[in-house]
Structures are given as C-alpha cells and as structure tokens.
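This report concerns only the one structure given below.
The values are calculated or read from the model by the stated rules, or taken from the named source; none is laboratory data. On a predicted model such as this, the values are computed, not experimentally measured, just so you know. Positions of Cβ are backbone-derived with ideal geometry, glycine not excepted, and every protein chain shown enters the neighbour counts.
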Amino acid sequence: MKGYSLYMWIRLAFFSALSKLLYGMNVRVIKGFARVINKGHLQFGSRFTAGVDLRIEVLEESACVTFGQNVKINDYCHIGAMSRVVVGDDCLIGSRVTIVDHEHGVYRKPSDHPASLPWTPPDERLLQGKPIIIEKNVWIGSGAIIVGGVTIGEGSVIGANAVVTRDISRYSLAVGAPAKVIKTFDEGGKQWLCV
C-alpha cells in the first residue's frame, strides 16, 4: 500500500496478527480493537476486513452473524443480532453503518404484550428480532441503517444515509429514508434504468 509510513505498516501487521489470533485465520485484519459480544456465534468467510471501532453484538444464544468471503467493513460500524444477520460474499460496507435485526418494543395492541405500553421503560420492552439477509456483491453507503426483516438483493447499492425498512430487489440502487429504489439494472441492455 503506497504512502503508508513505517508506523502504519507496523500497526497494520500488529492488528492483522491480533485479528487472526482472536477471530481465526479467515480474518485478514480488524484495524483497532473490535467490541464483540458472543464471539462464538460469529462466522467469518476468508479475507474478512474491518476498520476501526467495529461493534458486533449477538444477543441470543440462538442468534448468529455470518460473513461471506471477501467482506470489507469500514470504520465505526455496528451489527446487532437477536435472530440472524447474513452478509454475502464480496460485500462492501461504508463507515458508520448500522445493521440491527431487532427493536426495543413491539408496537401493536397493548393486550398482545404489555411491554409495548409507552410508560414502560424502553430497556424493559420486549426485544424482537427478524433476520437480515444481505446477498452477495452489495455495496452499502456510509451512514446507512438496515433494520430487521429485510433482504437486500444481489448486486444492489444502498445510498449513503439510507434507511432500509423493506426488501430491496437484486440489481437495484436505493436511497432515502425510508429507502426507495430509484434505479434497477437491465441485464439485457447492460445499463441502469430509472424506476
């Protein structure tokens, strides 16, 4: 990597060795110290790379977070799972992205669950997790938020600061809050088309 000082090379070598020691040989490097809850429920594909201040929380014994091969995550990202989070092969995740499959509270009729009442403290409300599936070759822009119960289709691009609250079909470009598909890729014509 051209332009790296000797200090940066030494730092990179240190964190590469530490990453392999803590998380296994599939992890290329986690730059800095990651904060991980329930490390035993993580699966890393080969060549996993992450920037500084990665935070991964697996909150249930039955939950898991799985990364495919060649996944790259930038700085200050948070991934939380009560159910399941899957990140497919060759995905790129920008800085400050939040991928969390659960919410504090279930907001339906109070008779269904009393923890949903507004005077119940948020940390005492029922947590409910729904799987997140991010298929292969997805690029998630900086600051995006992915919530539970969604699938992002293969080859899609999620714009910076988008909030993904529903499924995104494959080969789509989605932006906004909530995220809306604005372009799809025409495989026959080999071009992006406005929706």
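Are any of the residues in the stretch 100-110 touching a strand residue (DSSP E or B) at 6+ places or on another chain (Cβ under 9 Å) and within 20 Å of Ser156 (Cα to Cα)? Yes, that holds for at least one residue. Figure legend. Inter-residue proximity from the stretch 147-175: first residues within 27 Å of Gly189 (Cα to Cα), second residues among the charged types (D, E, K, R) and part of a strand (DSSP E or B), beta-carbon distance below 9 Å, spacing 6+ or different chains. Indicated pairs: Val157/Lys183; Tyr171/Asp186; Ser172/Lys183; Leu173/Lys183; Ala174/Lys180; Ala174/Lys183.
Does the stretch 43-59 contain at least one residue that is over 20 Å from Arg96 (Cα atoms) and in contact with a His (Cβ under 8 Å, 6 or more places away or on another chain)? Within the stretch 43-59, one or more residues are over 20 Å from Arg96 (Cα atoms) and in contact with a His (Cβ under 8 Å, 6 or more places away or on another chain). Filtering the stretch 1-23 to residues that are modelled with pLDDT under 80 and not in a helix (DSSP H, G or I) leaves Met1, Lys2, Gly3, Tyr4. Of all residues in the stretch 151-169, those that are in contact with a Ser or Thr (Cβ under 6 Å, 6 or more places away or on another chain) and closer than 19 Å to Leu92 by Cβ total 4. Filtering the stretch 170-195 to residues that are small (Gly, Ala, Ser) and farther than 20 Å from Ile93 by Cβ leaves Gly188, Gly189. Restricting the stretch 35-81 to residues that are touching a residue at least 60 places away in the same chain (Cβ under 8 Å) and either touching a Leu at 6+ places or on another chain (Cβ under 9 Å) or surrounded by fewer than 17 Cβ atoms within 10 Å (Cβ to Cβ) (or both), the residue that is nearest to Ala17 (Cα to Cα) is Asn74.
Restricting attention to the stretch 110-117, does a residue exist that is at pLDDT 90 or above, surrounded by 16 or more Cβ atoms within 10 Å (Cβ to Cβ) and either in a loop (DSSP other than H, G, I, E, B) or under 13 Å from the mean Cα position of the chain (by Cα) (or both)? Checking the stretch 110-117: not a single residue is at pLDDT 90 or above, surrounded by 16 or more Cβ atoms within 10 Å (Cβ to Cβ) and either in a loop (DSSP other than H, G, I, E, B) or under 13 Å from the mean Cα position of the chain (by Cα) (or both). There is at least one residue in the stretch 133-146 that is surrounded by 13 or more Cβ atoms within 10 Å (Cβ to Cβ), among the charged types (D, E, K, R), closer than 26 Å to Ser62 by Cα and at pLDDT 95 or above.
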